[in-house]
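Colleague: The structure under discussion is supplied below as structure tokens; questions concerning it will follow.
Where a number appears in this text, it was derived from the coordinates with a stated rule and is not lab data. Just so we're clear, the structure is a prediction, and the values are computed from it rather than from any experiment. Cβ atoms come from the backbone with ideal geometry, glycine included; neighbour counts cover every protein chain shown.
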Amino acid sequence: MIDKISHESEEKEGTGSEKCMNQGETQLNEEWSQKAFKELNETPEAIRNGLAELKKLISEPNLNAKTDDAFLLRFLRAKKFDVPKAFFTLQRYYQMKYESPELFKVPRPSKKLHILDMQCQNMLEQRDNNGSRVYIFRVEKCDVSQVTVEDVFCTNVMALEMAVREPETQVAGITAIVDMNGFGLHQHAKFLSPYYAKRTVDVVQETFPLRFKGFHVVNQPFYFDAIYSVLKPFLKEKIRKRIYLHGKDLKSLHNHVNKSILPLEFGGNEPFDNSHWKRALLNLEDEFSEMEEYGFTSLPTRIEEEPSSSTV
């Protein structure tokens, strides 16, 4: 049902995902509201009460947080309206921007055209069968002589910031495909340090208000187990279960992501092309800059551990 909803709604808007990706603060339609209720226990009352409780918690004098309803709702949806967990994620979100601005502060897209033009990243125009956004990263197209680890990391964060603006994506989450074709230990070793591995895991597990529904690795080298071992100690069991290694078996990938929405290189019909996504990013220059006016002025003595209640 959601697959049909997502495709039809984008066609009705007339400009495909570029307009959809830039919508930011639209309300959920009836079908998406039903999905939000089923998966997140979302109701008008839950929204109203959750926002009120979350705003009460945001009272630290050293935290200048963005507090409009549309922004806070993404944290509540990411944690199924568990307010303490949503608040923890909000604190961690701003903490990482404060501690590692070179990685987590959202750049102006126009300042990152050198990496966007490499065609190594793309947010697909259509959603998967669950309604999730699909993000692809191609290692082979990432020229490590021209980009830094920070370039790659912050443009990935920028992609997430764009996706999470969509209420539908807040509900259905995001699926990532990592194509490791062309990966070489000599060229890409700097991407695998424990420091960057830990920051990557932080984004997925504690820092970013988005539901990460699956991680699909294709064309991985035979020594991928050694690479994965760098990440594995930091991963919670829930996330480990969402990592799928497909090798060169694209049919295995298609069991999870319909090939009709994928680029030609992954079994679909049209060649990989991120131009629509790049244009949509460039339209958000001012909004991204405004977002970075918020955050911690200094860190609190302690940020409490995430509450233990389960979310998906």
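Colleague: For the chain, what is the convex hull volume of its Cα atoms per residue in Å³?
Modeller: Given the Cα convex hull of the chain, per-residue volume reads 128 Å³.
Colleague: Hey, quick one: spin label on LEU299, modelled 7 Å out along Cα-Cβ, who in the range 195-220 has an amide N within reach, i.e. under 19 Å?
Modeller: Under 19 Å, as judged by backbone N against the label point of LEU299, lie 195-209 of the range 195-220.
Colleague: Can I ask one more? How far, in nm, would the chain grow between PHE222 and ASP143 when pulled straight, counting 0.36 nm per residue and subtracting the alpha carbon separation?
Modeller: 26.3 nm
Colleague: Is any helix in the chain, taking whole DSSP H runs, at least 27 angstrom long along its axis by alpha carbon and on average at least 1.6 on the Kyte-Doolittle scale, and which ones?
Modeller: Sorted by number, there is nothing, because no helix extends far enough and scores high enough.
Colleague: What pairs from LYS79/LYS198; LYS213/LYS248; LYS55/LYS111; LYS38/LYS241; LYS141/LYS213 go past 32 Å between their alpha carbons?
Modeller: With Cα atoms farther than 32 Å apart: LYS55/LYS111.
Colleague: Follow-up question, since we're still on this one. What is the distance in Å between the Cα centroid of the range 241-294 and that of the range 122-139?
Modeller: Comparing the Cα centres of the range 241-294 and the range 122-139, I get a distance of 4 Å.
Colleague: Roughly how many debye, to the nearest 20, is the charge dipole of the chain about its Cα centre, given +1 on each Lys and Arg Cβ, -1 on each Asp and Glu Cβ, and no other charges?
Modeller: So the dipole magnitude of the chain works out to roughly 920 debye.
Colleague: Assuming 0.36 nm per residue, please report the length gained on full extension of the stretch GLU270 to ASN258 beyond their Cα-Cα distance.
Modeller: 2.9 nm
Colleague: Tell me, rounded to the nearest percent, the portion of alpha carbon pairs in the range 141-271 spaced more than 25 Å apart.
Modeller: When all Cα pairs of the range 141-271 are counted, 28 percent exceed 25 Å.
Colleague: Report the full-extension gain for the segment ASP249 to ASN129: residue separation times 0.36 nm, less the Cα-Cα distance, to one decimal in nm.
Modeller: Length gained, ASP249 through ASN129: 41.2 nm.
Colleague: First measure r as the distance between the Cβ atoms of MET291 and ASN181, then evaluate 1/(1 + (r/R0)^6) with R0 = 51 Å and state the FRET efficiency to the nearest 0.05.
Modeller: So the FRET efficiency works out to roughly 0.90.
Colleague: Another question, then. Restricting things to alpha carbons, tell me how big the range 87-169 is in terms of Rg and Dmax, in Å.
Modeller: Computed over the Cα atoms of the range 87-169, radius of gyration and Dmax are 13.9, 40 Å.
Colleague: Mind computing the radius of gyration and Dmax over the alpha-carbon atoms of the range 80-225? Å is fine for both.
Modeller: That works out to 15.3, 45 Å for Rg and Dmax.
Colleague: Calculate one ³J(HN,Hα) per residue across the range 235-241 by plugging θ = phi - 60° into the Karplus curve 6.51 cos²θ - 1.76 cosθ + 1.60, and present them in order as whole Hz with x for glycine and proline.
Modeller: For the range 235-241, the Karplus curve yields 8, 6, 4, 4, 6, 4, 6 Hz.
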